[in-house]
Structures are given as C-alpha cells and as structure tokens.
Amino acid sequence: MSLLFSLDGRIGRSTYWLKFCLPYLAIYLLLLAADWRLGTYDPDEKTVGLLSGIFVAVALYSSIAVNVKRCHDRDHSPWFLLLGFIPILNLWPFIELGFLAGTDGPNGYGDPE
C-alpha cells in the first residue's frame, strides 16, 4: 500500500512498470471497453467514459505518489513532474522516469529499494 499512497522513498524502473504502469493501463483499458459496451463511451465524441473516468479520478493520487518516488529515485525534486505540462519538454520526464536507471546508492531521498 505504501507504493500507492506514500510520497516518501524511492522505486526502481521495474517496480514502476510492473507494479504500477502495466496494471494501471490494463485496468483502464478493461474499464474503457466496459464503457464502450455499456454505451457510456464513444470514441468519436472524444469524451471520457463513465467507469474509466471514475478510475482515472480515483487513481490520480496514486499516480502522483508513484511518479514522485520515481523522481526521488532519479534524485529530482517532485517539481520535476511539472515539466509534463509543457509541450515538447514533457518528453524529458517521460524518458527519465520511465527508462533511465535511478542513482546508485543512497541519495537525498533515501536508499534504493
């Protein structure tokens, strides 16, 4: 549970991808398919489906917490995530947090996982 709700500590790339990103994506796609079957989502209207939209809203804090821990692993302040809102520059946090290894040994945010 600390993975999803604590803002402290560090997580590595494998934990990031295997314990958060892939399950999150799988759940979201299943709920999106359910929305489509129930008629609460139409891709042509570019709206959010009911079930998938609720999931995204509920999982928002967990998403922030996990990304903060990846920032810590790369020895960045959580403010680094704000680059995600700037077009073109948003690739920088995506590449760093998703694909680059964390700092070796302890850093200012603690020991590696």
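The values are calculated or read from the model by the stated rules, or taken from the named source; none is laboratory data. Because the structure is predicted, anything quoted here is derived from the model rather than measured. Methodologically, a virtual Cβ is constructed for each residue, glycine included, from the backbone with ideal geometry; neighbour enumeration extends over all protein chains shown.
Would the stretch 52-62 turn up any residue that is in contact (Cβ under 8 Å) with a residue 12 or more places away in the chain, surrounded by fewer than 16 Cβ atoms within 10 Å (Cβ to Cβ), within 26 Å of PRO112 (Cβ to Cβ) and in contact with a helix residue (DSSP H, G or I) (Cβ under 9 Å, 6 or more places away or on another chain)? Yes, that holds for at least one residue.
Checking TYR41, TYR28 one by one, the residue that is assigned to a loop (DSSP other than H, G, I, E, B) and not acidic (Asp, Glu) is TYR41 and no other. The test for being out of contact with any helix residue (DSSP H, G or I) (no Cβ under 6 Å at 6 or more places or on another chain), more than 22 Å from ALA65 (Cβ to Cβ) and in a helix (DSSP H, G or I) holds for ALA33.
Show the residue pairs that are 6+ apart or on different chains and have beta-carbon atoms under 7 Å apart, the first residue being within the stretch 71-88 and surrounded by 13 or more Cβ atoms within 10 Å (Cβ to Cβ), the second being acidic (Asp, Glu). Note: pairs meeting the criteria are ARG74/GLU96. As a summary of the residue check, ARG10 satisfies the conditions (1) of a type outside the set (Gly, Ala, Ser); (2) part of a helix (DSSP H, G or I); (3) touching a strand residue (DSSP E or B) at 6+ places or on another chain (Cβ under 8 Å) except for the one numbered (2). ALA33 fulfils the conditions (1) within 13 Å of the chain's Cα centre (by Cα); (2) of a type in the set (Gly, Ala, Ser); (3) surrounded by 12 or more Cβ atoms within 10 Å (Cβ to Cβ) except for a single criterion, (1). Summed over the stretch 5-23, residues that are over 16 Å from LEU97 (Cα atoms) and under 13 Å from the mean Cα position of the chain (by Cα) total 2.
Restricted to the stretch 38-84, and to residues there that are hydroxyl-bearing (Ser, Thr, Tyr) and within 22 Å of THR15 (Cβ to Cβ), the residue that is farthest from the chain's Cα centre (by Cα) is SER77. Going residue by residue through the stretch 67-74, is there one that turns out to be within 20 Å of ASP111 (Cα to Cα), at pLDDT 95 or above and not in a helix (DSSP H, G or I)? The answer is yes, given that some residue of the stretch 67-74 is within 20 Å of ASP111 (Cα to Cα), at pLDDT 95 or above and not in a helix (DSSP H, G or I). ALA57 meets the conditions (1) hydrophobic (A, V, I, L, M, F, W, C); (2) under 28 Å from ASP111 (Cβ atoms); (3) at pLDDT 95 or above in every case but one. The failed one is (2).
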